[in-house]
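Working notes, beginning with the structure itself.
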Amino acid sequence: MQKLHELSGARLTRLMPTLHLFKIGVEFDMTGKEDWNAKAKPQYTSEQRNIGYAVTDLDRAFVTEFQKDLPVTEEPYADACAALGLSIEEVAAHAEKMKAAGALRRVSAVFRHQKAGFTFNAMGVWAVPQDSVAEVGRQMAEFKAVSHCYLRPTYPEWPYTIFTMVHGRSKEEAFGKISAIEQEVAQGVDHAILYSTKEYKKVRLEFYKPEFYDWAREHLGTEA
């Protein structure tokens, strides 16, 4: 990150790791009839981290295969199983082992929300006091409109602790969903809306790619 800071010429760079994941999961209202404050139990939350987990060669091969797009066939996992030299049962068992260790979050489909009409994104950031983040974060995660809800670190110039991502078919809808959260669980809480005005890059994160190691050798003099 320090090298990216230097190369970009940025005046200030701050790391924003996830300190606690309250929710990750997409529950888009395809009908356009749900209230913006509709609730649902979060699909995925986790306190488990993979600190200290020793990644094996099989883990790397597993991730390399399953970060690819799946073919639209009757047996979409067949190619990955063949590449790994494992049966589908063995692959499923290894996935469960990695999940139990906190080294794998999930294996799931990716919803292309922009193609579905949800082209407006808004990140609500909230300066929730530290002694309230657990309860308020849980409440915010229950909003169906929220696809991601995280606790992140603060800095002298950045007081916001909880991040909530919403999507809408219009700017009014996206901002309205943030307003619904404020009115119900965050009245009086200092907050801001980070609204995407230009997308410079958006790609799915991929691990163990040769390009990453090439970049590390060029800019860091290491295999990273």
Next item on the list: Could you please give the count of residues in the stretch 140-155 that are over 12 Å from A127 (Cα atoms) and either of a type in the set (K, R) or not in a strand (DSSP E or B) (or both)?
Entry: 5
Checklist line | Where W158 falls short, out of the listed (1) closer than 23 Å to K198 by Cβ; (2) open to solvent by 20 Å² or more (accessible area, probe 1.4 Å); (3) touching a Phe, Trp or Tyr at 6+ places or on another chain (Cβ under 7 Å); (4) at pLDDT 95 or above | finding: (3)
Checklist line | Complete set of residues in the stretch 1-29 that are open to solvent by 70 Å² or more (accessible area, probe 1.4 Å) and among the basic types (K, R) | finding: R11, R14
Note to self: Take the residues in the stretch 1-34 that are assigned to a loop (DSSP other than H, G, I, E, B) and either in contact with a helix residue (DSSP H, G or I) (Cβ under 8 Å, 6 or more places away or on another chain) or polar (S, T, N, Q) (or both); name whichever of them is farthest from S179 (Cα to Cα).
What the structure shows: T13
Check: Which ones in the stretch 19-68 are of a type in the set (G, A, S) and modelled with pLDDT under 90?
Finding: G25, G32, A40, S46, G52, A54
Next item on the list: Tell me which residues, restricted to the stretch 121-135, are free of Cβ contacts under 8 Å to residues at least 60 places away in the same chain and open to solvent by less than 60 Å² (accessible area, probe 1.4 Å).
Entry: S132
Next item on the list: Report yes if K202 is of a type outside the set (F, W, Y), within 23 Å of the chain's Cα centre (by Cα), open to solvent by less than 70 Å² (accessible area, probe 1.4 Å) and closer than 21 Å to I24 by Cβ, otherwise no.
Entry: no
Margin query: Cβ-Cβ under 8 Å, sequence separation 6+ or interchain: first residue in the stretch 197-210 and farther than 20 Å from K171 by Cα, partner open to solvent by less than 100 Å² (accessible area, probe 1.4 Å) and assigned to a loop (DSSP other than H, G, I, E, B). Which pairs?
Written below: R204/Q67; R204/V110; E206/Q67; F207/Q67
Checklist line | Count of the stretch 136-155 residues which are open to solvent by 30 Å² or more (accessible area, probe 1.4 Å), closer than 18 Å to W36 by Cα and under 18 Å from the mean Cα position of the chain (by Cα) | finding: 4
Notebook entry, point to check: Can you name the residue in the stretch 169-191 that is exposed (fewer than 14 other Cβ atoms within 10 Å of the Cβ) and either of a type in the set (V, I, T) or not in a helix (DSSP H, G or I) (or both) and, of all such residues, is nearest to the chain's Cα centre (by Cα)?
Noted result: S170
Checklist line | Matching residues in the stretch 130-174 - criterion: being within 12 Å of H20 (Cα to Cα) and among the hydroxyl-bearing types (S, T, Y) | finding: Y150, T161
Margin query: Every residue in the stretch 82-115 that is in a loop (DSSP other than H, G, I, E, B), surrounded by 11 or more Cβ atoms within 10 Å (Cβ to Cβ) and at pLDDT 85 or above, please.
Written below: L86, A103, L104
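The values are calculated or read from the model by the stated rules, or taken from the named source; none is laboratory data. Just so we're clear, the structure is a prediction, and the values are computed from it rather than from any experiment. We place every Cβ from the backbone using ideal geometry, glycine too, and count neighbours over all the protein chains shown. All accessible areas refer to the heavy atoms of the entire protein, side chains included, with ligands and DNA or RNA removed. Shrake-Rupley method; radii C 1.70, N 1.55, O 1.52, S 1.80 Å.
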